[in-house]
């Protein structure tokens, strides 16, 4: 009996050590994220700024922040976002088209994984674009019909939504209609006219949302997603 107990304890110890090996995260704390753009001291001649950096092996996410004019005396934090690993293990190393008014800014970025993180890499830059740039995004659309979780026998569907226009650049709406809850299978992408769109659809369950865009390149966040079923 004693030998059996010793054997069980030994087996347990081996299993625990094996689990620790599996769960151990690589230490990335001594590494540094290399910024590609904007570099320190850069002057950007447009009002839309993309942030690019090199990946770090074993990093599963990146935290990126943008302040005006700097983090020590921040008047405004324009961005505080974490880019995370997707289901395939890929992590983006770019954030595109942040709209910024003319002025001085600082951005910083660090890499993280499940157990460690790097320090921040920091760079200051200046935006010197259009003094009258339109950087205000359209309002988020509010869906009206077909109502959420509704059921119909009609295959000719008119989609409607509401949105208050923002003064400035001309605005338009795009509608996205999917056949799966994860919004992976796009059935129709269309352009709304006067906050409506009509489509002929077959028997199925559909998921839809709307986004607004303007001529200056601004875009709203997506509306909430509604679903409906055609019998």
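Observations on the structure shown:
- Test: residue in the stretch 56-71 that is surrounded by fewer than 13 Cβ atoms within 10 Å (Cβ to Cβ), under 17 Å from residue 127 (Cβ atoms) and at pLDDT 95 or above: no
- Matching option when the condition is under 30 Å from residue 37 (Cα atoms) and not in a loop (DSSP other than H, G, I, E, B), among 197, 213: 213
- Every condition in (1) surrounded by 12 or more Cβ atoms within 10 Å (Cβ to Cβ); (2) over 22 Å from the mean Cα position of the chain (by Cα); (3) within 21 Å of residue 208 (Cα to Cα) is met by residue 153 except one, and the failing one is (1).
- Residue count for the stretch 156-168, restricted to those that are exposed (fewer than 11 other Cβ atoms within 10 Å of the Cβ) and out of contact with any strand residue (DSSP E or B) (no Cβ under 7 Å at 6 or more places or on another chain): 2
- In the set (1) touching a residue at least 24 places away in the same chain (Cβ under 8 Å); (2) surrounded by 14 or more Cβ atoms within 10 Å (Cβ to Cβ); (3) closer than 23 Å to residue 211 by Cα; (4) touching a strand residue (DSSP E or B) at 6+ places or on another chain (Cβ under 7 Å), the condition left unmet by residue 133 is number (4).
- Looking across the stretch 72-129, just one residue is surrounded by 14 or more Cβ atoms within 10 Å (Cβ to Cβ) and out of contact with any strand residue (DSSP E or B) (no Cβ under 8 Å at 6 or more places or on another chain), and that is 116.
- For residue 90, the criteria (1) modelled with pLDDT under 95; (2) under 22 Å from residue 28 (Cβ atoms); (3) outside any loop (DSSP other than H, G, I, E, B) hold in every case but one, which is (3).
- So residue 28, is it outside the structural domain of residue 97 (by TED's automatic domain parsing), touching a residue at least 24 places away in the same chain (Cβ under 8 Å) and touching a strand residue (DSSP E or B) at 6+ places or on another chain (Cβ under 7 Å): yes
The values are calculated or read from the model by the stated rules, or taken from the named source; none is laboratory data. As the structure is a computational prediction, the values presented were derived from the model and not from experiment. Cβ: placed from backbone, ideal geometry, glycine included. Neighbour counts: every protein chain shown.
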